[in-house]
Amino acid sequence: MLYTVEKDQDGVRLRTLLSRRLHCSAELLKELKRSETGVLVDGKPRFMRDPVRAGERVFVDCDRETKNADLLPDDLGIRILYEDGALLLFEKPAGIPTHPSRGHPRGTLANGAAFLFAARGEPFVFRPITRLDTDVSGAVLCAKTKYAASLLSSRIAAGQIEKTYLAVTDGAPENDAGRIEGTIRRAEGEGGIRRVFSSSADGGRYARTDYKVLARDGRGALLCVFPRTGRTHQIRVSLAAIGCPIAGDGFYGNGNTASRCMLHAYGIRFSHPLTGEEIAAVCPPEKRLAKEIQERFGIVL
């Protein structure tokens, strides 16, 4: 990234310019500081405490990584919904984790994405900004560079990335629209299951989930769900808390009521971290989920 210092920034410290104007995270600043060529001003290294002058050109090497050596490529048929120089939107199928873990090094979205880029002959580093549980399908937002990751992560924390999910529930909410608020934390003695509690005095982190009922049948409902915060298992926990667990969710409901966990990350909307352009993308449900929704509710997606 190349940036020309403006008149009203004359004399500010380099660190201040990078953090406040270019929105570099503290983690990225530490990495840049350790590199002799991470930040150059008019082609020469500078200390973070040095002032910059109007008209000087600041070069920031935002992404010196070229590959993820531990990420093995797997041909999983992963599809890209959107791509540009800063970010990617992947379609994650149900049944695969988002990224590798100690006991699951292969067969993840990250491995599938690595396969796509290996086939292109391009370097790839997996930087997920949003994540989905293994049994949940839909859109996953990733950054291509550390700088884009820093900006997108800030937007996530500020609630500036809007996400829309489709959920089929066992049981239906009483109202056609509603909000579920509380704090979410692990429940003691329940093997990692999380619960919604009424106040912060109960511990945990604040969570807010809005929903709208799209259709009902005798068994449950099809909901449009809008998580306003990003907590682990938030939608699954919140809907279970109002007596409407997601169909097929064996962790918070009954795993036998559907062929899979009926939760899908359908849409995402945000402003592009570099251009400011509005990005709005839709990830249609995979065939099996779309067929079940059509058969139960008569809605074609």
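Just a few scattered comments:
- With K and R counted +1 and D and E -1, the other residues having a Cβ less than 11 Å from that of GLU278 yield a net charge of -1.
- Rg over Rh, two decimals, the stretch 65-149 (C-alpha only, Kirkwood Rh): 0.92
- Computed from Cα atoms alone, the Kirkwood hydrodynamic radius reported for the chain is 21.3 Å.
- Net charge of the neighbourhood of VAL41, taken over other residues with C-beta under 11 Å away and scored Lys/Arg +1, Asp/Glu -1, is +1.
- Springs between Cα atoms under 10 Å define the GNM used for the chain, and in it the highest mean-square fluctuation of PRO97, PRO123, PRO284 occurs at PRO123.
- Whole-Hz couplings from phi, Karplus 6.51/-1.76/1.60, listed for the stretch 24-36; x for Gly and Pro: 6, 6, 4, 5, 5, 4, 4, 5, 5, 5, 6, 9, 5
- In a DSSP loop and with at most 14 other Cβ atoms within 10 Å, the trypsin sites (Lys or Arg not before Pro) in the stretch 137-236 are ARG219.
- Counting neighbouring Cβ atoms within 10 Å and putting the fewest first, the residues TYR252, TYR147, TYR3, TYR211 line up as TYR3, TYR252, TYR147, TYR211.
- Relative to the longest principal axis of the Cα atoms of the chain, helix 109-120 runs at roughly 50 degrees.
- Local charge for PHE90 was computed over the other residues whose Cβ lies under 13 Å away, with Lys and Arg +1 and Asp and Glu -1, and equals +3.
- With 22 Å as the limit, the listed pairs LYS7/LYS30; LYS163/LYS212; LYS92/LYS287; LYS30/LYS163; LYS144/LYS287 have LYS7/LYS30; LYS30/LYS163; LYS144/LYS287 beyond it between alpha carbons.
Every number in this text was worked out from the coordinates using simple rules, so none of it is lab data. Owing to the predicted nature of the structure, the values given are computational and were not obtained by experimental measurement. Using ideal geometry, Cβ is built from the backbone for each residue, glycine included, and neighbour counts are taken over all protein chains shown.
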